[in-house]
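Novice: So that we are looking at the same thing, I have put the structure below in C-alpha cells.
Readers should treat all values here as calculations from the given coordinates under stated rules, not as data from a laboratory. Predicted model only: the values in this text are computed from it and were never measured. Virtual Cβ from ideal backbone geometry, glycine too; neighbours counted across all protein chains shown.
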Amino acid sequence: MTQLYPVVGSVRADDKCYGLYELNYQSPGNKGFHRYQIIVVPIGEQLYEYRRDMGLASKWKALQFRIPGAIRDEDTGKVEFVHTVGELMEIADELRAMPSPVHEPRNFKQEYVDHFEKIRKGRKGQQQFAITKHYVKN
C-alpha cells in the first residue's frame, strides 16, 4: 500500500529521490483506472509526493512497478539517498519499454493425467522427453 505524503507541485531531475512508482488507481470522478507516476522527494526533513496522470491504465502494456531511490537503515532510521529523480525516470522508461511476461493458463487436469502417464511409462522402461515453450508477448 502506498503511504500518503503531502503534495508538491513539481520536481526537478537533479532532486534527491526516495522512490518512483507507476501504479494504476481509480481516477478522480470514477472515470476508469489511470496509470500514475508517483515520485517521492525529500524537502527538508519531510517526504513529499509529486503525482503525474499518465492516462488510461489500459494503454500501458508494462506491469506496474516501484523503484527505490534511497536506503533506510533499520536500526537508526537514517535514510541515504542514492538516486535522483532524473536517474529513476530513466530507469522507469527502460522498464516501461520491456515486454511483460505472459503466462499461459495452466491446465491442471491435463497435468494430472500427464503425471500419472509418466509414472506408468516409467514402469515399462520407456523414456520420457518433454518440450517446453516459453512465450513472450510483444
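Novice: Normalised by the residues of the chain, what does the relative contact order come to in percent, with Cα pairs under 8 Å and at least six apart? Walk me through the numbers before you get to the answer.
Specialist: Values: 207 pairs, mean separation 31.6, N = 138.
The value is 23 percent.
Novice: Please give the contour-minus-distance gain from VAL113 to GLN64: 0.36 nm per residue of separation, less the Cα-Cα distance, rounded to one decimal in nm. Walk me through the numbers on the way to the answer.
Specialist: Details: separation 49, 0.36 × 49 = 17.64 nm, distance 3.61 nm.
Residue separation times 0.36 nm, minus the Cα-Cα distance, leaves 14.0 nm.
Novice: What are the semi-axes of the equivalent ellipsoid for the chain, taken as the square roots of 5 times the Cα gyration tensor eigenvalues, largest first, in whole Å? Kindly include the intermediate steps, with their values, before the conclusion.
Specialist: Details: eigenvalues 403, 81, 40 Å².
So the equivalent ellipsoid measures 45, 20, 14 Å along its semi-axes.
Novice: For the range 19-97, what relative contact order do you get, as a whole percent, if you take Cα pairs closer than 8 Å and at least 6 residues apart? Walk me through the intermediate numbers first.
Specialist: On the way: 124 pairs, mean separation 22.4, N = 79.
Dividing the mean separation by the residue count of the range 19-97 yields 28 percent.
Novice: Now a separate question. Report ³J(HN,Hα) in whole Hz for each residue of the range 56-65, in order, from the Karplus equation J = 6.51 cos²θ - 1.76 cosθ + 1.60 where θ = phi - 60°; Gly and Pro get x.
Specialist: Residue by residue, the range 56-65 yields 4, 4, 5, 7, 9, 7, 5, 5, 5, 8 Hz.
Novice: May I pose another question? For the chain, what is the calculated [θ] at 222 nm in deg cm²/dmol (nearest 500), taking -39500 (n - 2.57) for each run of four or more DSSP H residues and dividing by its residue count? The partial results should precede the final answer.
Specialist: Working: 2 runs with 29 residues, N = 138.
Mean residue ellipticity, 222 nm, calculated: -7000 deg cm²/dmol.
Novice: Roughly how many debye, to the nearest 20, is the charge dipole of the range 19-97 about its Cα centre, given +1 on each Lys and Arg Cβ, -1 on each Asp and Glu Cβ, and no other charges?
Specialist: Numbers: 10 positive and 12 negative charges, 129 e Å.
Using Cβ point charges on Lys, Arg, Asp and Glu, the range 19-97 gives about 620 debye.
Novice: Next up: Using a 10 Å cut-off on Cβ atoms, rank the peptides 112-120, 60-68 from the highest mean neighbour count down. Working shown, then result.
Specialist: Values: 112-120: 10.8, 60-68: 13.8.
The most tightly packed comes first, giving 60-68, 112-120.
Novice: Quick query: amide H of ALA70 versus all other amide H atoms, modeled in the peptide plane; which residues come in under 5 Å with a sequence gap of 5 or more or a different chain?
Specialist: VAL82
Novice: Right, here's the next one. Show me, for the range 10-23, the HN-Hα J-couplings you get by feeding each phi into the Karplus relation (A = 6.51, B = -1.76, C = 1.60, θ = phi - 60°), rounded to Hz, glycine and proline as x.
Specialist: Couplings: 7, 9, 10, 4, 8, 5, 4, 9, 7, x, 10, 10, 10, 10 Hz.
Novice: Moving on. Based on the mean of other Cβ atoms within 10 Å per residue, sort peptides 14-23, 76-85 so the most packed one is first.
Specialist: Numbers: 14-23: 19.1, 76-85: 13.1.
Packing proxy ranking, top to bottom: 14-23, 76-85.
Novice: Separate question: What size of dipole, in debye to the nearest 20, comes out for the chain about its Cα centre when the only charges are +1 on Lys and Arg C-beta atoms and -1 on Asp and Glu C-beta atoms? Don't skip to the end; give the middle numbers.
Specialist: Numbers: 21 positive and 18 negative charges, 262 e Å.
Charge dipole of the chain: 1260 debye, to the nearest 20.
Novice: Now for a different question. Please turn the phi angles of the range 88-100 into ³J(HN,Hα) values with the Karplus equation 6.51 cos²θ - 1.76 cosθ + 1.60 (θ = phi - 60°), one per residue in order, whole Hz, x for glycine and proline.
Specialist: Along the range 88-100, the couplings run 5, 5, 5, 5, 4, 4, 5, 5, 5, 7, 6, x, 7 Hz.
Novice: Could you work out the Kirkwood radius for the range 19-97, taking every pair of different alpha carbons, averaging 1/r and inverting it, reported in Å? Each step should come with its number before you reach the end.
Specialist: On the way: mean 1/r = 0.0727 Å⁻¹.
About 13.7 Å for the range 19-97.
Novice: Using modelled backbone amide H atoms (1.01 Å from N, in-plane), which distant-in-sequence or interchain residues come within less than 5 Å of ASP15's amide H?
Specialist: Result for ASP15 returns VAL85, GLY86.
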